[in-house]
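Shown next, in structure tokens, is the structure this report addresses.
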Amino acid sequence: MRRDLTRGILTVLSIALGVAVVIAIELAGDAATGSFQSSMTTLVGTVDYEITANGGVDETLMGKLAALPLNARFAPAIEQPVMVPGQGSVTLFGIDVIAAPERNSDGAFEPAKLEESAVVSSDSAARFHWKKGDRITLRGPRVSLVFAVRTIVGGQNTGWVGVDIAAAQQLLDLYGKTDRIEVFLAPGEQPEQAEKLIRAAVPETYEVATPGARSEENRRMLRAFRWNLRILSYISLVVGAFLIYNTIAVSVVRRRTEVGILRALGTSSRAVLLIFLGEAAVLGVVGSVLGLGIGRLLAAGIVRLISDTVNSLFTTSAPGAVALSAGSIAGAVLTGTLVALFSALIPARDAARVAPAEAMRREAQEHRARLHVRRDLMWAVAMSVAAVILCQFGPIAGRPVLGYVAALFAVSATAMISPVFVTVVIRCLRAPIRRLGGAAGLIASRSLTASLARTSVVVTALATAIAMMVSVGVMVGSFRETVQVWLESQLSADIYLRAAGSATAGIFPPIDKRVPELIAGTPGVADVDAFHAFPFRYEGSQATFGAGNLDVVRRRGALKFLAGGLAEAGNAIVSEPFANKHHVTVGQTLRIPLGDRTVPFLVQGIYYDYASDRGYVITDRQTLLRYLPDQPVTNIAVYVKPGFDAEKTRRELEFKLRDFPVTIAPNEVLRRGAVEIFDRTFAVTYALEAVAIVVAMLGAANSLLALVLDRRREIGLIRYLGATGDQVRRMILTEAGLLGLLAGLLGLGLGMALSLVLIYVVNKQSFGWTIQFHPPVVLLGGALVLVWAVTVLAGVYPARFAARLEPADAVHTE
């Protein structure tokens, strides 16, 4: 290893980058998604149970609960976003401070100033530059209220403001309603008995659950997202595994004479096996330890990116600190070492099994590789068939496990077909190579086929990285094109409005009920579609219930349907992710709790939707208001009359609604923002691709250097026969170019196959949406040319090394 220091360093770097990506994704994922406990715990203490209902909880239930023969405290709670005028939004916590006097020992809520006092988090204080004693203004959908900051709670990584619940109801226009009722059991109370009493006292449609159950549900929603990121991160390790295999295989070939002498002197097969596995273990440990440091730095850089994606698509979660635990360290080192050992097992075992005389023959390994071409081809066919069969099965525990197994079979089939692919392609290119490269090109092409075992491994490693780039590129490009087409049909209105503040998944701030009427009376407005959205639970998972003006949607053709069509009054349509997640079909009846009643909805259509994998159930707003008359409007779509200037109408609306906290955006701005969120969401995926390509490039340089070192004798003989240093240099660069071409062709084929698995199996089973196949041809072509050019560049150092070899030194062992 000391003798081949450059190759050793390249191999260690390859492992380090692979381990770094895995540890970075794991650490950043933990930090970005690990905290779901509400910061309200800081104000009210640990909650035993939460009583919730779709559309909010009726406050009159408090009297019934208080009469229960139960030693417990019941506290209504509100958790909603509000505006800080001119500065942004913040989460408002409304709590019953009278019922929780132990939390007010610091005097934050004085009886005389109950409804004008506030407690703020240290995060909010830093963000808005608040100090104790400051008077702050908070703005709800109808009114603005002023509060005095009585306490700043330190050590908070989320922004929130806590006020008395009466003030919160006034600010949010939620009189008689709360988001939930929290239950605090006294010491000695039996939780099971208490839960039974509470369930008997509340309507059947209400839910009684522990806060831990809600956190677990949020984590369950994110498992598919984190699972897919984790699998993508392992691609770099797979590429690194091929490089370890190649490194040990080359080491075996280079030391064949040494192995033969050791075996002749009595060294056992087991000892030879342990020699090479020991080398792999050293490479794995050193690379893993180095990868830990790199991974920790990468995690700090991508945690915010992952957190933004989580908040945009899944649920609100405050990113925590990136913590490198002892378990993470042990897991990373163990993973890197095991990958190295597993990768080295085959060449180490081959070295241990070879007889002394055969070990001293140079051509033994290459001869076996050529003999096994047909057998490997049959294995490749079998694995390809197995991959196709595995794609026909559904998810396991909500995860596309068999889809990823099918992808692994496809990669294995590529590795098996690589030797025959290299042989056939170089044979077909031999004439053009001779014309373009002359003697140097001819020797380069024959050298690659002569060292088929090593060449095929290098091509497979590079092809795997290229296949990842192609497959993810096709998947993301297809998804992006699909979303853009969907946005054009979905966002058919001219102007859109929502409550001011940051938009996060599962949170729908209300709009003042007067706004739709003011919009309808504005000159140039043809139609107004007021939409009501709120989160609800169905069969143990979260989804979104929505209601709008379906007559407007029907006239404007704003939805594209997978099955069925637009619902009639009293019925519903569902999004494709909801239908796939809950196995819903057209004609099925859903029974959905709304308030204190369970309402049946006949499903009349399933429409394409890419807004969230939670899924939507949508009915007409008259039906919703029949059961939840106070449910607020959350979004508004405005259609401008033909002949009127949409921009002028938008400015008139901005002036007319200047006193309301709403955001007004034209169609094109909303579409552009959605695409920007999409691109930001997949930024981590592109980064993972880049690392895998870098690992493969390191491997290409490593492998070319290994080929040069192993062929020092041949290069020396070529020099004796009259070849110049420049010709030798061209020969090695031609080999690099051929390796890049072979890997590019093979990787393109594998990548296209993997893209079909990602689009029609993995994404379908993970998120429930259908993606149309739209490969970005120009982008892929440019990326493949770039990868080929970088592969040739990776051959510059080996080429210079080969050109500088002294013929006498190269053949002196003869």
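The values are calculated or read from the model by the stated rules, or taken from the named source; none is laboratory data. Remember, predicted model here, so these are calculated numbers, not experimental data. Glycine also receives a Cβ, built like all others from the backbone with ideal geometry; neighbour counts cover every protein chain displayed. With ligands, DNA and RNA removed, areas are computed over all heavy atoms of the protein, side chains included. Shrake-Rupley method; radii C 1.70, N 1.55, O 1.52, S 1.80 Å.
Below, the figures for the structure above:
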| quantity | calculated |
| --- | --- |
| Selection from region 409-433 of residues that are among the polar types (S, T, N, Q), open to solvent by less than 30 Å² (accessible area, probe 1.4 Å) and touching a Phe, Trp or Tyr at 6+ places or on another chain (Cβ under 9 Å) | Thr414 |
| Residue in region 307-321 that is surrounded by fewer than 21 Cβ atoms within 10 Å (Cβ to Cβ) and modelled with pLDDT of 80 or more present | no |
| Members of region 267-281 found to be part of a helix (DSSP H, G or I) and either within 30 Å of the chain's Cα centre (by Cα) or exposed (fewer than 15 other Cβ atoms within 10 Å of the Cβ) (or both), listed by number | Ser269, Arg270, Ala271, Leu274, Gly278 |
| Of all residues making up region 504-544, the number that are of a type in the set (Ser, Thr, Tyr) and under 19 Å from Thr649 (Cβ atoms) | 1 |
| Restricting region 135-154 to residues that are more than 21 Å from Pro661 (Cβ to Cβ) and open to solvent by 20 Å² or more (accessible area, probe 1.4 Å), the residue that is modelled with the lowest pLDDT | Gly154 |
| The lone exception for Gly595 - which of (1) buried (at least 20 other Cβ atoms within 10 Å of the Cβ); (2) more than 25 Å from Tyr206 (Cα to Cα); (3) touching a residue at least 40 places away in the same chain (Cβ under 8 Å) it fails | (2) |
| Residue identified as surrounded by fewer than 24 Cβ atoms within 10 Å (Cβ to Cβ), of a type outside the set (D, E, K, R) and modelled with pLDDT of 85 or more among Leu491, Leu402, Leu487, Leu436 | Leu402 |
| Candidate set from region 726-754 (those that are over 42 Å from the mean Cα position of the chain (by Cα) and open to solvent by 20 Å² or more (accessible area, probe 1.4 Å)); member that is farthest from Leu448 (Cα to Cα) | Asp726 |
| Filter pass, Ile759 being farther than 25 Å from Ile426 by Cα, within 21 Å of the chain's Cα centre (by Cα) and assigned to a helix (DSSP H, G or I) | yes |
| Test: Thr91 is at pLDDT below 90, open to solvent by 40 Å² or more (accessible area, probe 1.4 Å), part of a strand (DSSP E or B) and closer than 14 Å to Gly162 by Cα | yes |
| Output for region 159-207, where each listed residue is among the aliphatic types (A, V, I, L, M), closer than 30 Å to Arg127 by Cα and open to solvent by 20 Å² or more (accessible area, probe 1.4 Å) | Ala166, Leu174 |
| Matching residues, region 70-88, being on the phi < 0 side of the Ramachandran plot, in a strand (DSSP E or B) and either free of Cβ contacts under 8 Å to residues at least 24 places away in the same chain or not hydrophobic (A, V, I, L, M, F, W, C) (or both) | Arg73, Pro76, Glu79, Gln80, Pro81 |
| Residue match in region 455-468 (condition: open to solvent by 20 Å² or more (accessible area, probe 1.4 Å) and either touching a residue at least 60 places away in the same chain (Cβ under 8 Å) or outside any helix (DSSP H, G or I) (or both)) | no |
| Lone qualifier among Leu17, Leu27, Leu65 - being of a type in the set (A, V, I, L, M), outside any loop (DSSP other than H, G, I, E, B) and modelled with pLDDT of 85 or more | Leu65 |
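To keep it simple, each residue is scored yes or no on (1) over 19 Å from Leu745 (Cα atoms); (2) of a type outside the set (Val, Ile, Thr); (3) free of Cβ contacts under 8 Å to residues at least 60 places away in the same chain.
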{"site": "Ala380", "(1), (2), (3)": "no, yes, yes"}
{"site": "Ser384", "(1), (2), (3)": "no, yes, yes"}
{"site": "Ala397", "(1), (2), (3)": "yes, yes, yes"}
{"site": "Val401", "(1), (2), (3)": "yes, no, yes"}
{"site": "Phe421", "(1), (2), (3)": "no, yes, no"}
{"site": "Cys428", "(1), (2), (3)": "no, yes, yes"}
{"site": "Gly441", "(1), (2), (3)": "yes, yes, no"}
